[in-house]
Amino acid sequence: MSIVRAARAARLLLLGGLPLPLMGCFGPDTGALSFLASGNEKTQVARDVLRKASLLGGDVVVRGPEGYCVDRRSLRHRDTSGFALLASCESLSGVRGQQVEPVLMTVSVVSGGPEVQRPGATEIAALMAPAQVLAAHEDADLSLVHFASGGDGVLPGGDARHWRGGMVVNGNLVGLALYAQKGGAMAGGDGRRLLTELARSIRRASPDRPAGG
C-alpha cells in the first residue's frame with residue numbers, strides 16, 4: 001500500500017460521517033416506543049438487532065462487547081469499505097436485558113493489503129486537528145485517542161469528548177469511535193476500556209486469515 005493511498009484510507013476511515021437517520025436509535029425513548037409497537041413491528045425490530053455482522057466479505061466480523069449489538073439498518077457494504085453502528089442491545093430492541101452504559105460506537109473498515117499498518121495515535125490526532133487531545137494510548141495492536149471536542153456534533157445531546165481508534169484486521173484498516181451521554185463516565189476514561197473491549201471482540205470474532213491470503 002503506497003504512502004499516499006494509506007493516508008487517504010486513514011482519513012476516510014477516521015473522518016467518515018455517521019449516517020444521520022440512525023441517530024434516533026440512541027434516544028432515551030427508543031425502548032419505550034418499541035414496547036408499544038405492534039407484533040409485526042416488534043418482529044422487524046428484532047430482525048434489525050444483530051449480535052454480529054460481517055464486513056468486507058467476512059474478513060472483518062463486527063461483534064460488540066457483552067450487552068451491545070449491531071444495528072442492521074446501519075450496515076454499509078461496498079467492495080472496499082464497510083460501516084456498522086453499535087448501541088446497547090436493550091436500546092436497539094426495546095427488550096429489557098443486560099444493563100450497560102448507553103453509548104454509541106461505530107466501526108468503519110477500509111481494505112488495505114498485506115503491508116498495511118495501523119495508524120498511530122499521533123496520526124489519528126493529526127487527522128482530527130485542531131481538536132484537542134486529552135489522552136492517547138497505543139499497544140501492539142490498537143491506537144486510541146481521546147478528543148476534547150467533536151462528539152456532540154455527531155451525537156445530539158452527547159458529550160463533546162469522544163474516543164477514536166485504529167487497528168488492522170486481516171490486512172484491513174479498522175476505525176473505531178465511541179460517543180457517550182453528556183457528563184457520562186464513558187465520555188471520560190471509561191470509554192477507553194469499552195472501545196478496547198470492542199477491538200478485542202472484533203479480533204476474536206474475525207477469521208484468522210494468513211498474511212497475503
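Points to keep in mind about this one:
- Residue under evaluation ASP159, criteria (1) among the acidic types (Asp, Glu); (2) over 22 Å from LEU55 (Cα atoms); (3) touching a residue at least 60 places away in the same chain (Cβ under 8 Å), criterion not met: (3)
- Some residue of the range 71-90 being aliphatic (A, V, I, L, M), touching a His at 6+ places or on another chain (Cβ under 9 Å) and crowded, with 20+ Cβ neighbours inside 10 Å: no
- Pairs where the first residue, in the range 55-74, is farther than 16 Å from PRO207 by Cα and touching a residue at least 12 places away in the same chain (Cβ under 8 Å) and the second is surrounded by fewer than 17 Cβ atoms within 10 Å (Cβ to Cβ) and aliphatic (A, V, I, L, M), C-beta under 6 Å, 6+ apart: SER74/LEU22
- Residue within the range 134-142 that is farther than 23 Å from SER81 by Cβ and crowded, with 18+ Cβ neighbours inside 10 Å present: no
- Filtered residue count, the range 108-120, keeping only those that are farther than 10 Å from VAL169 by Cβ and either of a type in the set (D, E, K, R) or crowded, with 22+ Cβ neighbours inside 10 Å (or both): 4
- Counted residues, the range 144-158 - those being crowded, with 22+ Cβ neighbours inside 10 Å and modelled with pLDDT of 95 or more: 3
- Filtered by the rule that a residue be under 20 Å from VAL174 (Cβ atoms), among the small types (Gly, Ala, Ser) and not in a loop (DSSP other than H, G, I, E, B), the range 125-150 gives ALA125, ALA126, ALA136, SER143.
Quick grid of which residues meet (1) of a type in the set (Gly, Ala, Ser); (2) under 20 Å from GLU66 (Cβ atoms):
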{"site": "LEU142", "(1), (2)": "no, yes"}
{"site": "HIS162", "(1), (2)": "no, no"}
{"site": "LEU178", "(1), (2)": "no, yes"}
{"site": "ALA187", "(1), (2)": "yes, no"}
{"site": "ARG193", "(1), (2)": "no, yes"}
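- Residues in the range 83-118 that are more than 18 Å from LEU144 (Cβ to Cβ) and within 11 Å of the chain's Cα centre (by Cα): PHE83, ALA84, LEU85, ALA87.
- Cβ-Cβ distances below 8 Å connect the following pairs, each with a first residue in the range 177-205 that is closer than 14 Å to LYS52 by Cα, a second residue that is of a type in the set (D, E, K, R), and a separation of six or more residues or different chains: ALA199/ASP141; SER201/ARG63; ILE202/ARG63; ARG203/ASP141; ARG204/ARG63; ALA205/LYS52; ALA205/ARG63.
- Whether a residue is farther than 15 Å from PRO65 by Cβ and out of contact with any Leu (no Cβ under 8 Å at 6 or more places or on another chain) was assessed, and ALA205 does not pass this test.
The values are calculated or read from the model by the stated rules, or taken from the named source; none is laboratory data. Values in this document were obtained by computation on a predicted structure and should not be read as measured data. Note that each Cβ is placed from the backbone with ideal geometry, even for glycine, and that neighbours are counted across all protein chains shown.
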